[in-house]
Amino acid sequence: MDNKLNAFVTADPAKCIGCRVCELACSVAHSDQSGATVGTLTAPVIPRLYLVKTPEVTVPVQCRHCEDAPCANACPVAAITQTHHTILIDADTCIGCKTCMLACPFGAIDLVPVYRGGKPVSQSALKVESQAGLRDKEWIVANKCDLCHDRDGGLACVEACPEKALTVIYPPKDQKRRNREAALNLLHSMKSFMGG
Ligand code: SF4
Ligand code: SF4
């Protein structure tokens, strides 16, 4: 049985200063404008993680790549799949129905316009009213963290965070590390108790 659990990114609220560098880095990493930097992007910033600021906490929230993903269970056109231990949305299959957005318990999915080469892409059939008459409607699809699965160099948000507040969690590896830490803590407690 393949029991490898999906990885996910988590943030430490004690370290996050709310600078939004992670959101910018994410947006640039998922832009198709080759060689673009934060300052040269022509498309709007469209991140796949979302900084949450409340009086109590400042921290980005992103997809947890759930093992029994509610978004995938809810999608009526099977646009959401588990591929190589990552929950992915196929933009070409997505019809923008927003069901996944409602199903996600973390609010990690947004519906966003598609940009190619820095320009918005139109929907193939629908038109919308404008002052100049009917115009093409923007193509809008579901969008969320894809763990930078096709990016050389790993996760852009983790790499860019100046406070090192973001960490990729690999569940089995992380569990073994915690087991080792617990065993060592137990050993130290025993030694103190025995006066060693
Ligand atoms: S880059 Fe780091 S410190 Fe800045 S908002 Fe994101 S997680 Fe917080
Ligand atoms: S918005 Fe797209 S990905 Fe989400 S449930 Fe609808 S079709 Fe599926």
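The values are calculated or read from the model by the stated rules, or taken from the named source; none is laboratory data. In this text, all values refer to a predicted model and were calculated from it rather than measured experimentally. Cβ atoms come from the backbone with ideal geometry, glycine included; neighbour counts cover every protein chain shown. All accessible areas refer to the heavy atoms of the entire protein, side chains included, with ligands and DNA or RNA removed. Shrake-Rupley method; radii C 1.70, N 1.55, O 1.52, S 1.80 Å.
Remarks
- Some residue of region 88-100 being surrounded by fewer than 14 Cβ atoms within 10 Å (Cβ to Cβ) and in contact (Cβ under 8 Å) with a residue 60 or more places away in the chain: no
- Residues (in contact with a Lys or Arg (Cβ under 9 Å, 6 or more places away or on another chain) and either under 30 Å from LEU24 (Cβ atoms) or without any contact (Cβ under 8 Å) to a residue 60 or more places away in the chain (or both)) located in region 171-195: PRO171
- Qualifying residue in region 21-29 (condition: closer than 17 Å to ALA108 by Cβ and in a strand (DSSP E or B)): no
- Filtering region 57-77 to residues that are within 8 Å of ligand 2 (Cβ to nearest atom), surrounded by fewer than 19 Cβ atoms within 10 Å (Cβ to Cβ) and assigned to a loop (DSSP other than H, G, I, E, B) leaves PRO76, VAL77.
- Sole residue being at pLDDT below 95, over 22 Å from the mean Cα position of the chain (by Cα) and not in a strand (DSSP E or B), chosen from SER192, SER124: SER192
- If you filter region 101-113 down to residues that are part of a loop (DSSP other than H, G, I, E, B) and in contact with a strand residue (DSSP E or B) (Cβ under 9 Å, 6 or more places away or on another chain), you find that the one that is most open to solvent (accessible area, probe 1.4 Å) is PHE106.
- Region 112-132 residues that are charged (D, E, K, R), paired with ones that are open to solvent by 80 Å² or more (accessible area, probe 1.4 Å) (beta carbon under 9 Å, 6 or more apart): ARG116/ASP32; LYS119/THR42; LYS127/LEU134; LYS127/ARG135; GLU129/ARG135
- Residue in region 123-133 that is acidic (Asp, Glu) and either open to solvent by less than 100 Å² (accessible area, probe 1.4 Å) or within 22 Å of ASP110 (Cα to Cα) (or both) present: no
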